[in-house]
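Have a look at the structure below before the remarks.
The values are calculated or read from the model by the stated rules, or taken from the named source; none is laboratory data. Every value quoted in this text rests on a predicted model; they were computed, and no experiment measured them. Here Cβ is always computed from backbone atoms with ideal geometry, including for glycine, and neighbour counts include all displayed protein chains. In case anyone asks, the SASA skips ligands and DNA or RNA and just uses the protein heavy atoms, side chains included. Shrake-Rupley method; radii C 1.70, N 1.55, O 1.52, S 1.80 Å.
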Amino acid sequence: QKEVEQNSGPLSVPEGAIASLNCTYSDRGSQSFFWYRQYSGKSPELIMSIYSNGDKEDGRFTAQLNKASQYVSLLIRDSQPSDSATYLCAVGGGGADGLTFGKGTHLIIQP
Amino acid sequence: NAGVTQTPKFRILKIGQSMTLQCAQDMNHNYMYWYRQDPGMGLKLIYYSVGAGITDKGEVPNGYNVSRSTTEDFPLRLELAAPSQTSVYFCASSYAGSNQPQHFGDGTRLSIL
């Protein structure tokens, strides 16, 4: 049984600060890693994808992957109130089947 | 540019009724997926398809059926609805399996009473 673990939160961060979201996964054969943002009552929206060890930056977002530790993280710089949402970590095994999702971390950016 | 379209957006069913949740994508993606999301939980895979005529079970397939007669459409059938099937259902598609990002529809919120 593949598992993806996230701290459910809520994680409260002041506006303008860095928000750090973490995720661990159980399957060492995992090949693809995604962060989705989900606003209340809405569908998941892709924020970042990462496939190899190290950092990947896109605007205010940085995804970090450490396959040896089976650990993925998402950093959000200069956090804005509009970043308040649930962030889902998703892991893919490289096959045809779907992604394995964590339960999500509820992030609150305090103005 | 519609992406993934799901209908209906909301539905209330009585126990024992049946219904079909519709999903269509216009991105020519071969891979399509059905997930359910219960409150405070992540998404659980119900069924997936790698192309027309090919479907397979995911983690929680009991009580559901699917078909894939065309590349564009991937309907999910609920037979004999039960309260445990109350959930939000998301359809997604991707270009090439789980190594590619999945694009989600807006979801169908289903209540079984």
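What's the Cα-based Rg to Rh of the protein assembly as shown, Rh via Kirkwood?
Result for the protein assembly as shown is an Rg/Rh of 0.98.
If packing is taken as the average count of other Cβ atoms within 10 Å, what order do B:71-80, A:12-21, B:95-104 fall into, highest mean first? Intermediate results must be reported in sequence, preceding the final value.
Values: B:71-80: 17.3, A:12-21: 15.4, B:95-104: 19.2.
My ranking of the peptides, most packed first, is B:95-104, B:71-80, A:12-21.
If you place +1 on the Cβ of every Lys and Arg, -1 on the Cβ of every Asp and Glu, and leave all else neutral, what size is the dipole of chain A about its Cα centre, to the nearest 20 Debye?
My answer is approximately 120 debye.
Please report the buried accessible area for the interface of A with B, total over both chains, probe 1.4 Å, in Å² to the nearest 100.
1700 Å²
Can you run phi through the Karplus equation (6.51, -1.76, 1.60; θ = phi - 60°) for segment A:93-102 and list ³J(HN,Hα) in whole Hz, with x for Gly and Pro?
x, x, x, 7, 6, x, 7, 9, 9, x
If ligands, DNA and RNA are left out, what is the accessible area of B:Lys44 with a 1.4 Å probe, given in Å² to the nearest 10?
Solvent-accessible area, nearest 10 Å²: 80 Å².
What distance in nm separates the simple spin-label points at B:Phe10 and B:Met41, each placed 7 Å from Cα in the Cβ direction?
2.3 nm
According to the square roots a ≥ b ≥ c of the eigenvalues of the Cα gyration tensor, what is the shape class of segment A:33-85, taking rounded for a/c under 1.5, prolate for a/b larger than b/c otherwise, and oblate for the remainder?
Prolate.
Measure off, as a whole percent, the carbon and sulfur share of the 1.4 Å-probe accessible area of the protein assembly as shown, all protein chains present.
C and S atoms contribute 49 percent here.
With +1 on each Lys and Arg Cβ and -1 on each Asp and Glu Cβ, how big is the dipole of segment B:1-86 about its Cα centre, in debye rounded to the nearest 20? List each step's numbers first, then the result.
Values: 8 positive and 7 negative charges, 55 e Å.
Dipole about the Cα centre, nearest 20: 260 debye.
Among A:73-86, B:2-15, how do they line up from the highest to the lowest mean number of other beta-carbon atoms within 10 Å?
A:73-86, B:2-15
Using Cα-Cα distances under 8 Å and only pairs 6 or more residues apart, what relative contact order does segment A:1-97 have, in percent?
Relative contact order, segment A:1-97: 36 percent.
Can you give the accessible area per residue of segment A:24-106, in Å², using a 1.4 Å probe?
Ligands and nucleic acids excluded, the figure is 41 Å² per residue.
Expressed as a whole percent, how much of the Cα-Cα distance distribution for chain B exceeds 26 Å?
12 percent
How far apart, in nm, are two points set 7 Å out from the Cα along the Cα-to-Cβ line at B:Ala82 and at B:Thr70?
That separation, rounded to one decimal, is 3.3 nm.
In sequence order, what are the phi-derived ³J(HN,Hα) couplings for segment B:22-32 according to the Karplus relation 6.51 cos²θ - 1.76 cosθ + 1.60 with θ = phi - 60°, rounded to whole Hz, with x for glycine and proline?
9, 9, 9, 10, 10, 9, 6, 7, 7, 9, 9
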